[in-house]
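This report refers to the structure that appears directly beneath it.
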Amino acid sequence: MQAFRPAGVELASLDRNADPCADFYQFACGGWVAKNPLPADRRTFGRFTEVQDRNFAVLRRILETSSADRDREKASAYYAACVDERTIDARGLGPLEPVLARIAALTSRDRIPDLVAHLHTSVGEPPQVGGATRRGGAYVLFNFGSRPRFDNASMLMANVGADGLSLPSRDYYVMSDERSVKLRDDFRAHVAQMFRLSGEPAAQAATHAAAVLAIETTLATAMLDVAERRDPNAIRHPTPLVELQRLTPAFAWERYFAAIRAPRVDAVNVAEPKAVQAMNGIVATTSLDDLKAYFRWHAIHGSARMLPAAFRGADFDFFSRTLAGQQAEQPRWRECVTDVDQELGEALGKAFVAEAFGPRAKADMLKMVQDIKAAMRADIDASPWMSDDTKKAAKIKLDAVVDRIGYPDRWRDYSSVRVSRDDALGNRQRTTEFANARRIGQIGKPADKNDWNMTPPTVNAYYSAPNNNINFPAGILQPPFYDPDRDAAVNYGGVGAVIGHELTHGFDDQGRKYDGAGNLRDWWTAADGKAFEDRAQCVADQYSSYLVSGDTHINGRLTLGENTADNGGLRLALMAYLDSHVASDASRTPPDDLVDGFTPEQRVFLGWAQVWCENSRPEAERLKAATNPHSSNRYRVNGPLSNMPEFQNAFSCKAGAPMVRQNACRVW
Ligand SMILES: [Zn+2]
């Protein structure tokens, strides 16, 4: 009998006709891409989606099976109301009427703060992409909540953020190219249609839609763009209340804070002062009729997925089909699993963890995290461009990084949330109120070290600079990222590089501005800071040269942190794997260490690349390039590898090959 050998590289996913030195993504993923055409109801379909689909099947079974657990029953009831489209259709706009009536009752500018607080508190915002836990209500004009203090991250403070748009980012409102202009026309037509569906005559609906676009354009024009917002110093403006009130005389903050039940504070962080000034101008000068149209639009838009079929269909047509290229709606159950994950994520996540997460994954992860931290320490020590002082400070930060694996130590208590089996929109409003009250209640209190920004079934991971922790939800700890029974080289290339990626975030262009305690504080010597920025600029220029959908450049500044983390993370995973699993060069006896014909190094690189195999629509790629800090998947493979001599040696690539960059970039 043949000895058992754990599976490793996915041979059927390869394209053996492709030259690994010309386009490694094609070599590693070509087979997978050809075999997995994009389903009509997806914007993208890749390895992440495969894992998410597996997780969703587990979640669906959990939600459709009754249980004695109270939280799980609550999640099931929420889900049952969400999939009950017949009841949703039969109730029409009824469940939204109380909110619409409050908007209609606005007759004086003095009462705007009360109405804004009500909308912020209880109207659901549209679903977030990617398993992020929800922020709070429908953010008309601005958003309000808590955030860590910049000078003392262990305490939370009040924060007013720039917000109030419907399109994905400010650029969609200000770009003057043909596609952007057309998209705004389509958006205005969509808003008008939603107003018509809610009972407005066509001419009035069109006028109101134009007013909505005008208000949002005024807000957008005053905002930072997505890349500028990444700089924590650009959004650091602790402001005494009296000063905020002076800046925005038309908006009575005391009134707003009282209505939203915020604790008394002397100061708030005003992330983008120009945006709140624009908001002030809107409150002072826009006609009440137009303002009410804007509020009504957000109430309807934020609730659209829980409204009757005509609203859901129109919402899909613009926000999914036009903006992201999705051709068909997803089955309702999938949307509802997404919604429960977002609204009651830890009630559902608790059941998911019990079914799908074992102790072995946690033990393996802890071991890999230790290996990769050790690699980072060695990498810092060996860095040719950092002084000893900065190295010392960097290692202090590294040693302070906390790792969290799987799920929170304490589960969120949802006992105060009332959920009904026949009130989809009401459930959504109550979970919104719950999330919002929780967030506002934290103002002025110590940060809750137990908090997670992602739910357990999420197929993702993150680094938090204010908490200086790396977090790996249970959802990602499975193939192709990780498999306890397969070749370790492939695990290091997969989840190992994800660990390295999150760790490197602590030292990317954003993370490096925070110290080990999570405070925004410069611990770099001036010369080392300059050396870092020069190296980072190389990475920014490299990725800015990449094109997606044939016509759109990646934004090298928006994606700089993620690209730095990809480059550093993969190198750390390779270092850690070789240190822990492969004997030194002298005692290596190739070809004994070949598996499926690949060397250990080659298998680490293939493990990384095969995580990113994906098909996606051109619209989705453009949307990602405009708003998402991650680069297109092809470049998450080819970008880092073409910078790495280790890769070029492993595949014997010659100078001048496309996968050998002449001007190779390296930060970490
Ligand atoms: Zn990242």
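In the list Val123, Val129, Val181, which residue meets the criterion of being at pLDDT below 95 and open to solvent by 40 Å² or more (accessible area, probe 1.4 Å)?
On inspection, the qualifying residue turns out to be Val129.
Going by what's in this entry, would Pro466 be described as open to solvent by 10 Å² or more (accessible area, probe 1.4 Å), in contact with a strand residue (DSSP E or B) (Cβ under 9 Å, 6 or more places away or on another chain) and more than 15 Å from the ligand (Cβ to nearest atom)?
So Pro466 passes the test.
Restricting attention to the stretch 591-604, and to residues there that are open to solvent by less than 40 Å² (accessible area, probe 1.4 Å) and of a type in the set (Asp, Glu), which single residue is nearest to Gln52 (Cα to Cα)?
Among those that are open to solvent by less than 40 Å² (accessible area, probe 1.4 Å) and of a type in the set (Asp, Glu), it is Glu601.
Considering only residues that are part of a helix (DSSP H, G or I) and either open to solvent by 40 Å² or more (accessible area, probe 1.4 Å) or hydrophobic (A, V, I, L, M, F, W, C) (or both), which ones fall in the stretch 605-623?
Phe605, Leu606, Trp608, Ala609, Pro618, Glu619, Ala620, Arg622, Leu623
Looking only at residues that are among the basic types (Lys, Arg) and touching a residue at least 24 places away in the same chain (Cβ under 8 Å) in the stretch 348-394, which one is farthest from Arg410 (Cα to Cα)?
This residue is Lys373.
Would you point out the residue of the stretch 483-539, among those that are at pLDDT below 95 and outside any helix (DSSP H, G or I), that is most open to solvent (accessible area, probe 1.4 Å)?
Asp485
Please pick out the residue among Val660, Val611, Val595, Val667 that is more than 16 Å from the ligand (Cβ to nearest atom), at pLDDT 95 or above and among the β-branched types (Val, Ile, Thr).
Val660
Need pairs with beta-carbon distance below 6 Å; first residue open to solvent by 30 Å² or more (accessible area, probe 1.4 Å) and within the stretch 227-243, second of a type in the set (Phe, Trp, Tyr) and not in a strand (DSSP E or B); sequence gap 6+ or separate chains.
Between residues of the stretch 227-243 that are open to solvent by 30 Å² or more (accessible area, probe 1.4 Å) and residues that are of a type in the set (Phe, Trp, Tyr) and not in a strand (DSSP E or B), the close pairs are Arg236/Phe150.
Given the criterion closer than 18 Å to Tyr514 by Cβ, in contact with a helix residue (DSSP H, G or I) (Cβ under 9 Å, 6 or more places away or on another chain) and small (Gly, Ala, Ser), identify the matching residue among Ala461, Ala437, Ala465, Ala489.
None of the others qualify; the one that does is Ala465.
Regarding Val265, is this residue farther than 17 Å from Ser198 by Cβ and part of a loop (DSSP other than H, G, I, E, B)?
So Val265 passes the test.
Mind telling me which of the residues Pro168, Pro201 ends up being in contact (Cβ under 8 Å) with a residue 12 or more places away in the chain, surrounded by fewer than 21 Cβ atoms within 10 Å (Cβ to Cβ), on the phi < 0 side of the Ramachandran plot and of a type outside the set (Lys, Arg)?
Pro168
Could you tell me which of the residues Thr87, Thr107, Thr49 is under 30 Å from Leu288 (Cα atoms), open to solvent by 10 Å² or more (accessible area, probe 1.4 Å) and β-branched (Val, Ile, Thr)?
Just one listed residue meets the conditions, Thr107.
Working only within the stretch 489-505, note down all residues that are more than 11 Å from the ligand (Cβ to nearest atom) and in contact with a strand residue (DSSP E or B) (Cβ under 8 Å, 6 or more places away or on another chain).
The answer is Ala489, Val495, Ile499.
Could you name every one of the helices (runs of 4 or more DSSP H) located completely within the stretch 313-414 that has at least 3 residues being closer than 28 Å to Asn55 by Cα and either open to solvent by 10 Å² or more (accessible area, probe 1.4 Å) or touching a Pro at 6+ places or on another chain (Cβ under 7 Å) (or both)?
In the stretch 313-414, the matching helices (runs of 4 or more DSSP H) lie at 332-343, 345-356, 359-382.
State which residue is farthest from Ser122 (Cα to Cα) when the search covers only the stretch 91-110 and only residues that are hydrophobic (A, V, I, L, M, F, W, C) and free of Cβ contacts under 8 Å to residues at least 40 places away in the same chain.
Ala105
If you check Ala573 against the conditions, is it within 16 Å of the ligand (Cβ to nearest atom) and more than 24 Å from Arg229 (Cα to Cα)?
So Ala573 fits the description; yes.
Do the conditions hold for Asn460, that is, is it within 16 Å of the ligand (Cβ to nearest atom), surrounded by fewer than 20 Cβ atoms within 10 Å (Cβ to Cβ) and over 23 Å from Asn633 (Cβ atoms)?
no
Please state which one of Arg86, Arg102, Arg72, Arg111 is part of a helix (DSSP H, G or I), under 29 Å from the mean Cα position of the chain (by Cα) and of a type in the set (Lys, Arg).
Selected residue: Arg72, the only one of Arg86, Arg102, Arg72, Arg111 that is part of a helix (DSSP H, G or I), under 29 Å from the mean Cα position of the chain (by Cα) and of a type in the set (Lys, Arg).
Taking only pairs six or more apart or across chains, which ones have beta-carbon atoms under 7 Å, a first residue in the stretch 627-644 that is of a type in the set (A, V, I, L, M, F, W, C), and a second residue that is away from the ligand (no atom under 15 Å from the Cβ) and part of a loop (DSSP other than H, G, I, E, B)?
Pairs found: Leu641/Met659.
Name the pairs: first residue in the stretch 445-469 and farther than 22 Å from Phe352 by Cβ, second residue hydrophobic (A, V, I, L, M, F, W, C) and within 15 Å of the ligand (Cβ to nearest atom), Cβ to Cβ under 7 Å, at least 6 apart or on different chains?
The qualifying pairs are Tyr463/Ile470; Asn468/Val401.
When residues of the stretch 540-568 are filtered for being within 16 Å of the ligand (Cβ to nearest atom), of a type in the set (S, T, N, Q) and either over 19 Å from the mean Cα position of the chain (by Cα) or open to solvent by 10 Å² or more (accessible area, probe 1.4 Å) (or both), how many remain?
Number satisfying all stated conditions: 2.
The values are calculated or read from the model by the stated rules, or taken from the named source; none is laboratory data. In this text, all values refer to a predicted model and were calculated from it rather than measured experimentally. Please note: Cβ atoms are built from the backbone with ideal geometry, for glycine as well, and neighbour counts cover all protein chains shown. When the accessible area is computed, the model is the full protein with side chains, heavy atoms only, and any ligands, DNA or RNA have been set aside. Shrake-Rupley method; radii C 1.70, N 1.55, O 1.52, S 1.80 Å.
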